[in-house]
Amino acid sequence: MEYPSLKIGDLIVEKPLIQGGMGVGISLGGLAGAVAKEGGIGIISSAQIGFKEPDFESCTKEANIRAIGSELQRARDIAPHGVIGFNIMVALKYYDEYVKAAVEAGADLIISGAGLPTDLPSYVEGSRTKIAPIVSTEKSAKVILKYWDKKYSRTADMVVIEGPKAGGHLGFDKEQLDKFDEAAYDREVQAILAVVKEYSDKYGVKVPVALAGGIENAHDVRHAFSLGADAVQVASRFVTTKECDADTKYKERYIQAAKEDIVIVKSPVGMPGRAIRNPFMERVMSGERQAPRKCLGCLRKCNPAEIPYCITEALVNAARGDVDNALLFCGASAYRAEKIETVKEVVDSLLA
């Protein structure tokens, strides 16, 4: 099937495919550059992006800001003419500074979720960087687009709809996760598309919509487009690629995982998340508290004395390959991974 190119304002993306941001250290410049080189949009996760910097523990914010620039440059070296952006979570401490650092570095796009990015337009004002909020429900789409309309007299450049089968942090509570089967969520997607169209019409622009969450094969992509999506965002499929920045042991856990190993967990962020069951998560789920070794101030709303575990420590362990003591975020279909592929093979199979 031939899919049209994706247009985000004056940005033209050859293939309507976005590689989802995965932190900590899973989607860095290597993976993002490889996807951009194949004609999609490569997304770098800013979450504790500087964890490899020598001064990460003593100067965390500075290390992260430095790495935002270096990882974007690494992606640009791979795909000089590709479209490359960042996923920056609203829940992060210093969120505004990370967004501004990404803009200054020359990011084409910023995708933002894990909270409502109410003030994101002010951080990119005067730049060519496009902005895309992540929404999961009609209600959240209405809230953020109405707020941007009233306060900034503008709308989104793109909207990403992240469904209940997504990996990592989810924009749903437990009740919603139980309520939304495929048919029910298809109806929610249609309602969100209607909200986006309202603001597209008001501003006389086409605001493209990307659908994300559990998209694993060409059938899922066709279904997304049949609903009216202009693009898809895919994350888990890119974990088991040669170009993915994660440690090989992390990739192997995806390949080894069975369907029953993928569970909904509670994140210190206060949101449910989807991850692979492992010894670390068994301890967390049994109620065992794992006190942070050292607080690095990653989240705005986090009390180190109360959290069940430190999400930075758990995700850094994952990126470094200590997979038994890690939080292994994944999408609902991650268990279907059978082998290590190249980014080109994944892109070709999705858009076949």
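The values are calculated or read from the model by the stated rules, or taken from the named source; none is laboratory data. Computed from a predicted structure; not experimentally measured. Note that each Cβ is placed from the backbone with ideal geometry, even for glycine, and that neighbours are counted across all protein chains shown. Calculation scope for accessible area: heavy atoms of the full protein, side chains included, ligands and nucleic acids excluded. Shrake-Rupley method; radii C 1.70, N 1.55, O 1.52, S 1.80 Å.
At-a-glance table
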{"read-out": "Listed residue (94, 84, 50) projecting farthest to the positive dipole end of region 1-133, Cβ model", "value": "84"}
{"read-out": "Whole-Hz ³J(HN,Hα) from phi, Karplus 6.51 cos²θ - 1.76 cosθ + 1.60, for region 113-121, glycine and proline x", "value": "x, 6, x, 8, x, 4, 9, 4, x"}
{"read-out": "Equivalent ellipsoid semi-axes - Cα gyration tensor, the chain, angstrom", "value": "28, 23, 21"}
{"read-out": "18 Å Cα-Cα threshold exceeded, pairs from 259/339; 15/142; 93/146", "value": "15/142; 93/146"}
{"read-out": "Of all accessible heavy-atom area on the chain, the percent that carbon and sulfur account for (1.4 Å)", "value": "49"}
{"read-out": "Residue with peak Gaussian network fluctuation, the chain [Cα springs, cutoff 10 Å], from 164, 268, 80", "value": "80"}
{"read-out": "Euclidean distance of C-alpha centroids, region 309-332 and region 34-75, integer Å", "value": "18"}
{"read-out": "Residues with amide H under 5 Å from that of residue 163, placed H, sequence gap 5 or more", "value": "212, 213"}
{"read-out": "Stokes-Einstein diffusion coefficient of region 1-71, Kirkwood radius over Cα pairs, 10 °C, 1.306 mPa s, in µm²/s", "value": "120"}
{"read-out": "For region 272-286, 3J(HN,Hα) per residue [Karplus equation, 6.51 cos²θ - 1.76 cosθ + 1.60, θ = phi - 60°, Hz, x = Gly/Pro]", "value": "x, x, 10, 8, 8, 5, 8, x, 4, 5, 4, 5, 5, 5, 7"}
{"read-out": "Normalised contact order of region 119-159, rounded percent, pairs of Cα under 8 Å and 6 or more residues apart", "value": "47"}
{"read-out": "Debye, to nearest 20: dipole size of the chain, +1 on Lys, Arg Cβ, -1 on Asp, Glu Cβ", "value": "480"}
{"read-out": "Euclidean distance between Cα centres, region 176-223 to region 254-284, Å", "value": "26"}
{"read-out": "Spherically averaged projected area of region 117-183 from its Cα convex hull (nm²)", "value": "5.3"}
{"read-out": "Sequence of 130, 249 when ordered by accessible area, the most exposed leading, probe 1.4 angstrom", "value": "249, 130"}
{"read-out": "Relative contact order (%) - criterion: Cα under 8 Å, at least six apart; region: the chain", "value": "18"}
{"read-out": "Accessible surface, region 254-352, averaged per residue in Å² (probe 1.4 Å)", "value": "48"}
{"read-out": "At R0 = 35 Å, FRET efficiency that the Cβ-Cβ distance of residue 183 and residue 154 yields, to 0.05", "value": "0.55"}
{"read-out": "Cα coordinate range in region 230-352, projected on the principal axes (Å, largest first)", "value": "49, 29, 23"}
{"read-out": "Nearest-20 debye value, region 1-152 charge dipole, Cβ charges on Lys, Arg, Asp, Glu", "value": "360"}
{"read-out": "Å² per residue, accessible surface of region 56-214 at 1.4 Å", "value": "43"}
{"read-out": "Equivalent ellipsoid dimensions for region 74-208 as semi-axes, Å, which come from the Cα gyration tensor, largest first", "value": "25, 18, 15"}
{"read-out": "Relative contact order [Cα under 8 Å, 6+ residues apart], region 1-126, whole percent", "value": "21"}
{"read-out": "Residues whose placed amide H lies under 5 Å from that of residue 41, excluding near-sequence neighbours", "value": "17, 18, 19"}
{"read-out": "Of 106, 167, 50, the one that fluctuates the most in a GNM where the chain has Cα springs shorter than 10 Å", "value": "106"}
{"read-out": "Dipole magnitude of region 1-66 about its Cα centre (Cβ charges: Lys, Arg +1; Asp, Glu -1), debye to nearest 20", "value": "60"}
{"read-out": "Hydrodynamic radius (Kirkwood) for region 166-316, which is based on Cα pairs only, to one decimal in Å", "value": "18.1"}
{"read-out": "Tail beyond 22 Å, pair distance distribution of region 45-136 (Cα, percent)", "value": "24"}
{"read-out": "Residue-averaged [θ]222 nm for the chain, counting only DSSP H segments that reach four residues, each worth -39500 (n - 2.57)", "value": "-11500 deg cm²/dmol"}
{"read-out": "Hydrodynamic radius by Kirkwood, which averages 1/r over all alpha carbon pairs of region 204-274, in angstrom", "value": "14.6"}
{"read-out": "Beta bridges by DSSP in region 191-319, antiparallel share as percent, to the nearest 5", "value": "60"}
